[in-house]
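Asks: First the structure, then my questions, so here it is.
A short reminder: the numbers here are calculations on the coordinates, not readings from a lab. Bear in mind the structure is a predicted one, so any value in this text is a computation, not a measurement. With ideal geometry, Cβ positions are generated from the backbone for all residues, glycine too; neighbour counts draw on all protein chains shown.
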Amino acid sequence: MAEAGDVAGSTPQGKAVFGQQHDAVRLSQPTYKARVDRHVRVLLRDGVELAAVVVRPDADGRFPAIMGYTPYRWLPNVKDAHSDLKYNHRWDGPTYFAERGYAVVYFDVRGTGNSAGSSQDIYSDQERRDAYDMVEWIAAQPWCDGNVGMWGMSYGGVVQWQVGVQNPPHLKTLVVGSSNDDVYLDWTYPGGALRPYMFDTFSPLMTAMNFAPPDIELVGEKWSDIWRERLEKNVPWGLGFITHQQHGSYWTSQSLQPDYSRIKVPVMLWSGWADCYPTPILRAFSKIKVPKRVLVGPWGHYWPEEAVPGPRIDGRRELLKWFDQWLKGKDTGVMQEPPVVLWVRKYKEPEERMYIEDAGFWRHEAEWPLARAQSTEMHLHPGGKLSRQAYDSPQEVRDSYTYDPAVGITAGIYWGGGIQPYAMPLDQRYDEAYSLNYTTPPLEQDTEATGDPRAILYISSTADTAYFHVKITDVAPDGTSKWVNDGGLLATHRSSHAQPEPLEPSRVYELAIELKYMAYVFQKGHRIRVSIASADFQNAWPTPKAAVNAVHLGTRYPSRVALPFAPPQKVKLPAPDLRPSPRPELDPEDYESQFGKREHRIVHDLVNETVTVHLGRTAGGRSAYGNTQTETTARSSYTVSRKNPADASLNATHEYTLNRPDGTIKVEAHEVVASDISSFRYLTQVQVTVNGKRHFNKSWRVSVPRKGN
């Protein structure tokens, strides 16, 4: 199998290779002074005004445009000039690209930030229509040449698919960063299981921000009328999450899946292995049939210039090559390069926070999935053995275990959730003590797995609902078990995420579990381990019934995992030509200065047999424009019961405070999700104070039946 040092793009030390070819590429140069227009109001077809910031060359003429939008109240933070040493793409990117001959337009989603109107749900039909209209409005402006592209990550990436499938006439290209193509499976209900992050972080945060007033310095005297309508009509987005437990039209209307053919324009994609989205990014790349390029680094949920884990790269350069090609018609050479750039990971001892720099190397590939990758079945054997050889025995073996809803303590939180870059997977041996484990002998050579692994398990349960979680780890010679990737599936969703079917207790079922994509070298002398449990409690809400679950082995029940082992390239492609980020790699002693303080604390209550995860963070600062200072404070607790799995509860409070010259406005969103054997109960309360006095108070409450989860 592949030796790390034998792969194009690596060095004997496994360091990144940065070429000099960029210097010869003719890209747009910083020949303009940037002009920032902060008070732009766009009148939509129904009379609602959206707030926008336009950053463009301060010169006569028409220029191609780049559009981005979110509900995250970014407009006041766009800078008048960009900084290399502290480059943050959201705030610095507009002026960087304006200097190079682009008009960059950011706007706030209707009912959020500085825009008027109201918002009743995330990714609504109205929001998508607004975005279509914004593309065409931009194209019609006297400073635009009619060519419009989009960029963004996370929310700003998902919405590009939503705009792209509408095919506005003047939309020419997309740059989709770190986002999903299936809002249900990749974000809210992975494997069909409710994700606690939606309620410990995202929903209360968005509720607090969406009920806050617009910025008076940007909106002017209309601010109070806009806020009044927002308080009267906005609805917490968590209601949509909790009331749509199954896949269906609600989710597909927000997603690119299943029909990728709707995308008609060229697309550049990027993500990072420490993030939540490399799988959907690579999946979308493999399925869209347009000119395309994908870049997957070691990064978390960050733009490449500021990311951890490093190495950071100058992502601006990669975007400029793409936009110059598809918005300006320049031949930048980007389409002559191999279309896939991968960071291939290697072993590094696990840490609670994201590494400053990961272990691995860069490599070009000609396609994804790799044509040379061999899906190799690794069979589960009695006694905890994992082998390429099938376990051919007519005698059935059943490996049983007691369902423990608290398994997942060392698995961390999926990409760090609301407290990234912390809550990373630790040494997995603690959780393995409560799991089924199957391990290879020490490897005789470096072995690379690059592609889409999966597990095929034959399972049974004494309950009618069960969750099965599969984890792949790299076991070092000292016994440390490092998380590599994982995946889970509610067994009730075995045939359909839209129509769950209960289990018949003790009946054997076949489960096909998709695991996260990977590009990883298991080193000589290390072992590969597969761990199976029925909980991943920090990432999947526990199923309600106590159970004894089992994995079945033998000729009749060939339980196995399929790993995409990849031999070396027969003809080595040139190493990717990437520039280091202008922003220096993070000083280990200076970690909190960039990311702030976070709390991630897990408490065992030995008397009541519960486990609680406590999360907390504080962030904020003065906007780049104006005199308003914002502060966000978040805290949550999420408890599962080992003796009564149905009894789980989550409490979260997010405070969003605006300290303005004329006083202080604080919005507090308190959210509760609790479950019992048959239902989920959801409560959101919003309280607004102005200079310490109550201004607004409203609650939303719903109870919904559990459906196969």
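Asks: Within the range 374-565, count lysine pairs with alpha carbon atoms under 19 angstrom apart where the residues are 8 or more positions apart or belong to different chains.
Replies: For the range 374-565, qualifying lysine pairs total 7.
Asks: Restricting to bridges with both residues inside the chain, how much of the DSSP beta-bridge set is antiparallel, in percent to the nearest 5?
Replies: 80
Asks: Additional query: For the range 468-542, run through the trypsin sites (Lys or Arg not before Pro) and keep only the ones in DSSP coil with at most 15 other Cβ atoms within 10 Å of their Cβ.
Replies: Arg507, Lys524
Asks: OK, next. Work from the charge dipole of the chain (Cβ charges, +1 for Lys and Arg, -1 for Asp and Glu, about the Cα centre) and give the residue of Tyr509, Val148, Gly272 farthest towards its positive end.
Replies: In the chain, that residue is Val148.
Asks: A follow-up question, please. Once you charge only the Cβ atoms, +1 for Lys and Arg and -1 for Asp and Glu, what is the size of the charge dipole of the chain about its Cα centre, to the nearest 20 debye? Before the final figure, lay out the partial values.
Replies: On the way: 79 positive and 83 negative charges, 155 e Å.
My answer is approximately 740 debye.
Asks: Could you tell me the calculated FRET efficiency between Lys572 and Glu352, based on Cβ-Cβ distance and R0 = 41 angstrom, to the nearest 0.05?
Replies: Values: r = 37 Å, r/R0 = 0.90.
With R0 = 41 Å, the Cβ-Cβ based efficiency is 0.65.
Asks: A follow-up question, please. Using the Karplus equation 6.51 cos²θ - 1.76 cosθ + 1.60 (θ = phi - 60°), what ³J(HN,Hα) coupling, rounded to whole Hz, does each residue of the range 139-144 give in order, writing x for Gly and Pro?
Replies: With coefficients 6.51, -1.76 and 1.60, one gets 4, 8, 6, x, 8, 10 Hz.
Asks: Distance from the Cα centre of the range 647-709 to that of the range 430-459, in angstrom?
Replies: 41
Asks: Another question, then. Please work out the ratio of the alpha-carbon Rg of the chain to 2.2 N^0.38 Å and round it to two decimals.
Replies: 0.95
Asks: What is the range 37-111 by shape, rounded, prolate or oblate, if you read a ≥ b ≥ c off the alpha carbon gyration tensor as root eigenvalues and call it rounded for a/c under 1.5, prolate for a/b larger than b/c, and oblate otherwise?
Replies: Judged from the Cα gyration tensor, the range 37-111 comes out oblate (a/c at least 1.5, b/c at or above a/b).
Asks: Lysines within cross-link reach of Lys698: Cα-Cα under 21 Å, excluding same-chain residues under 8 positions apart?
Replies: Excluding near neighbours in sequence, the set is Lys233, Lys666.
Asks: Looking at the square roots a ≥ b ≥ c of the eigenvalues of the Cα gyration tensor of the range 339-470, which shape do they give, rounded for a/c under 1.5, prolate if a/b is larger than b/c, or oblate?
Replies: oblate
Asks: Something else about it: Over the range 589-705, what lengths in whole Å, largest first, do the semi-axes of the equivalent ellipsoid take, defined as the square roots of 5 times the eigenvalues of the alpha-carbon gyration tensor?
Replies: Result for the range 589-705: semi-axes of 33, 22, 9 Å.
Asks: Given the options Gln395, Tyr355, Pro369, identify the residue whose Cα lies farthest towards the positive end of the charge dipole of the range 348-500 (+1 on Cβ of Lys, Arg; -1 on Cβ of Asp, Glu).
Replies: Gln395
Asks: OK, next. Taking 0.36 nm per intervening residue step and subtracting the Cα-Cα distance, what contour gain separates Ser678 from Glu592 on full extension?
Replies: Extra length available between Ser678 and Glu592 comes to 26.7 nm.
Asks: Would you mind calculating the relative contact order of the range 589-705 from Cα pairs under 8 angstrom and at least 6 residues apart, reporting the percent as a whole number?
Replies: Over the range 589-705, the number comes to 15 percent.
Asks: Taking the Cα centroid of the range 293-369 and of the range 63-98, what is the distance between the two, rounded to the nearest whole Å?
Replies: 20
Asks: While we're on this one: Counting just the Cα atoms, what span does the range 587-638 cover along each of its three principal axes? Round to the nearest Å and put the largest first.
Replies: Result for the range 587-638: principal-axis Cα extents of 52, 28, 9 Å.
Asks: Bins of 10 Å, beginning at zero and ending with the bin holding the largest distance: percent of Cα pairs per bin for the range 471-614, please.
Replies: Final binned percentages: 7, 22, 29, 25, 12, 4, 0.
Asks: Still on this model: Using the Karplus curve 6.51 cos²θ - 1.76 cosθ + 1.60 with θ = phi - 60°, what ³J(HN,Hα) values do you get for each residue of the range 345-361, in whole Hz, with x for Gly and Pro?
Replies: Each residue's phi maps through the Karplus curve to give 7, 9, 5, 8, 4, x, 9, 5, 10, 4, 4, 5, 9, 7, 8, x, 7 Hz.
Asks: Quick check: residue separation of Arg601 and Glu585 times 0.36 nm, minus the Cα distance between them. What number comes out in nm?
Replies: Extending this stretch completely gives an extra 3.0 nm.
Asks: Same structure, new question: Taking every Cα atom in the range 374-565, find the radius of gyration and the maximum pairwise distance Dmax, and write them in Å.
Replies: That works out to 15.9, 49 Å for Rg and Dmax.
Asks: Which net charge results for the neighbourhood of Thr480, defined as the other residues with beta-carbon distances under 9 angstrom from its beta-carbon, given Lys and Arg at +1 and Asp and Glu at -1?
Replies: Its environment carries a net charge of -2.
Asks: Using the Karplus equation 6.51 cos²θ - 1.76 cosθ + 1.60 (θ = phi - 60°), what ³J(HN,Hα) coupling, rounded to whole Hz, does each residue of the range 663-679 give in order, writing x for Gly and Pro?
Replies: Taking θ as phi minus 60°, the curve returns x, 10, 10, 10, 10, 10, 10, 10, 10, 10, 10, 9, 10, 10, 5, 10, 8 Hz for the range 663-679.
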